[in-house]
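Visitor: Right, I'll just put the structure down here and ask away after.
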Amino acid sequence: MEKNENLQIIRHSCAHVMAEAVQKLFPGTKIAIGPAIDNGFYYDFDFPKEHKITEEDFPAIEKEMRRIISSNAVFTRKEISKQEALSLFKDEPYKLELINELPESEVISTYEQDGYLDLCRGPHVNSTKEINAQAFKIAKLAGAYWKGDSERPMLTRIYAWCFEKPQELKDYLTMLAEAEKRDHRKLGQEMDLFHLDPEDPGQIFWHPNGWTIYTVMQDYMRKMVRRDGYQEVNTPAIMPRTLWERSGHWGHYQKNMFITESEKRLFAIKPMNCPGAIEIFKSRIRSYKDLPLRLAEFGHDVRNEPSGTLHGIMRVRGFVQDDAHILCTEDQVASEVAKFCKLLKNVYHDFGFDNLVVKFSTMPEDHVGDLKTWEKAEKALSDACHEAGLEYEIQPGEGAFYGPKLEFKLYDCLGREWQCGTIQADFQLPSAERLDATYIGADNQKHHPVMLHRAILGSFERFLGILIENFAGAFPTWLAFEQAAVIPVTNQFDDYAKEVTEALTASDIRANAYLSDENMRQKIKAVTKEHKTPYILILGENEQKEKTVTVRFRQSSGLEQKTMKIQEFIDYVQEKVNSHFIGI
């Protein structure tokens, strides 16, 4: 058995132990589901009204869990009939609902340990002794609607970390502590990057510092896609229901769309840009000689995400993707995907990410189009991966409703995995049944193009959140909102500080002069903590006389202080910026 698979079994078994402990400590609590997840597990509970669980209850639950584990209780599996299951779980409404939803042919099984019975497919460990009593820890509480439906009861979700060995748990907790220091919400406030208003959930108010980084990223992506043969377009923010119905989004995505009405017609604020790209393609007669047509759009999208799922700038309602749609022939799919993969690798490298994992998501249950078309789309994407020299892992049933996709996951400095880039092969949206996009082929007949949906960063908002945490706010020079802080030793040298700042600004170096009445040490401390500026330029009598700057490099760089001529410093910074050097 693979180590990861064995660990997932341990985690799921530990979830059952936690459910037993909770129900013993808090009689009357109803249980829902308790799956293993990355780094641990959770279980959803419906607690009686007389007890509101808090974090203060965690030690008691953990103590009871360790008692159960020490009993070396055997996990016993039993297959039962649907009628038996309904009888056994007659006092568990959430389990009853799950049982009633099972098809008649489904094998129903229970697992019992220490006299505690739960409905479960399994598998589980043989006995509780295979769960290390020192390698788990209850982590946090959260609210979770039953089955993710806001119309259903709100349950209490208890998360726990769980590993095979205590040292693995210790290492993970150390990583979490470091991640907390790097939390983009905390740093976003300290560095004055943005704020989030509780009256306007999921929307970001960008301050000058944060918006500077945002636009640097956007300008960089604009340059990269232009060099790679894309043309930039822009489509309306609000489009009519009729278009969304034809595209399939009205039937498959409406619950996530903001709807508005004008002159007795329904419109939706766009949650994605693809129908607009098709409309541009259809605006004139296209020839096979026009293909591939690569249309890039930094379109602002809005999705009606549940408020409980929002998280800083990582999960929002309003966002901008580095979006693009490639309309091509079937024969061009493989080469276009391979070309995209090369661009993606180069972009990630410039942001400091070289360790990637590729996931291949296949046809979901909720899909449009026939099986033959899906098979053709999946084969085209698979062939493209081979051409690009990419290995991938299959994610069955995780594709978009209109087509299979590749997902690109990167790892930050703490080893955390982030899914960012994606490319999807879509034979559906341009079809006659949908938006009916056509081009004239070499045979002088009409054909439907294939549409490749792709993004590299994903949303700028989320990717910037990842960058804040990865660099702990200490951005490489090319991304830093302030690249140089100019600080005179005393106000006597303010005029020279202005002169230096003007020279830097004229050379497109983002610099500010600090001319307040605070002393030099106070200014350096503020700039170091609040801005994490790569270069602090100290100016005194010698610097003014020699037309030089004394450069203090950011502490984390390990570089020593150095005195340079102004132009020498400008050349140094520009070389770091132009090479997208990950450092200072």
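Visitor: Charges only on Cβ, +1 for Lys and Arg, -1 for Asp and Glu: so what's the dipole of region 480-584 about the Cα centre, in debye to the nearest 20?
Guide: On the way: 14 positive and 16 negative charges, 89 e Å.
Around 420 debye, computed over region 480-584.
Visitor: Amide H of residue 304: which non-local residues (sequence gap of 5 or more, or other chain) have their own amide H closer than 5 Å, using H built in the peptide plane?
Guide: Under 5 Å from the amide H of residue 304: 257, 258.
Visitor: Something else about it: Hey, got the dipole for region 291-330? About the Cα centre, +1 on K and R Cβ, -1 on D and E Cβ, debye to the nearest 20?
Guide: Here the size comes out at about 180 debye.
Visitor: A follow-up question, please. How would you order 380-386, 207-213, 227-233 from highest to lowest mean count of nearby Cβ atoms within 10 Å?
Guide: The packing order, highest mean first, is 380-386, 207-213, 227-233.
Visitor: Continuing with this model, one more query. Using a 1.4 Å probe, what is the accessible area per residue for the chain, in Å²?
Guide: About 48 Å² of surface per residue is accessible.
Visitor: How would region 359-467 be classified by its alpha-carbon gyration tensor: rounded, prolate or oblate, with rounded meaning a/c under 1.5 and the a/b versus b/c comparison settling the rest?
Guide: It is prolate, given that a/c is not under 1.5 and a/b is the larger ratio.
Visitor: How big is the accessible area of residue 278 in square angstrom, nearest 10, if you roll a 1.4 angstrom probe over the protein chains?
Guide: 0
Visitor: Quick check: the angle from helix 566-578's long axis to the longest principal axis of the chain, C-alpha only, nearest 10 degrees?
Guide: The angle comes out at about 30 degrees.
Visitor: Can I ask one more? For region 431-584, what % of the accessible area comes from carbon and sulfur atoms, probe 1.4 Å?
Guide: Exposed carbon and sulfur together represent 45 percent of the surface.
Visitor: Separate question: Under the rule of at least 5 residues apart or a separate chain, name every residue whose amide H is placed under 5 Å from the amide H of residue 299.
Guide: Hits under the 5 Å cutoff: 321, 323.
Visitor: Once Lys and Arg get +1 and Asp and Glu get -1 on their Cβ, which of 327, 528, 438 lies farthest toward the positive end of the dipole of the chain?
Guide: Looking along the dipole axis, the top candidate is 528.
Visitor: Going by the alpha-carbon gyration tensor, a ≥ b ≥ c the square roots of its eigenvalues, is region 274-412 rounded (a/c under 1.5) or, if a/c is not under 1.5, prolate (a/b greater than b/c) versus oblate?
Guide: The shape class here is rounded.
Visitor: Charges on Cβ only, +1 for Lys and Arg, -1 for Asp and Glu, centred on the Cα centroid of region 243-289; of 260, 247, 283, which one is farthest towards the dipole's positive end?
Guide: 283
Visitor: In region 1-144, what percent of the accessible surface is made up of carbon and sulfur (1.4 Å probe, ligands and nucleic acids excluded)?
Guide: Carbon and sulfur: 49 percent of the exposed surface of region 1-144.
Visitor: Let me ask another. At 222 nm, what value in deg cm²/dmol follows for the chain if DSSP H runs of at least 4 each add -39500 (n - 2.57) and the sum is divided by all its residues, to the nearest 500?
Guide: -11000 deg cm²/dmol
Visitor: So, one more: How large is the charge dipole for region 289-391, taken about the Cα centre, if only the Cβ atoms of Lys, Arg (+1) and Asp, Glu (-1) carry charge, to the nearest 20 debye?
Guide: Details: 12 positive and 19 negative charges, 46 e Å.
The calculated dipole for region 289-391 is roughly 220 debye.
Visitor: Would you work out which of 87, 478, 43 lies farthest towards the positive end of the dipole of the chain, given +1 charges on the beta-carbon of Lys and Arg and -1 on that of Asp and Glu, about the Cα centre?
Guide: The residue sitting most towards the positive pole is 478.
The values are calculated or read from the model by the stated rules, or taken from the named source; none is laboratory data. These numbers were taken from a predicted model, which means no experiment stands behind them. Note that we place each Cβ from the backbone using ideal geometry, even for glycine, and neighbour counts take in every protein chain shown. Ligands, DNA and RNA are excluded from the accessible area calculation, which covers all protein heavy atoms including side chains. Shrake-Rupley method; radii C 1.70, N 1.55, O 1.52, S 1.80 Å.
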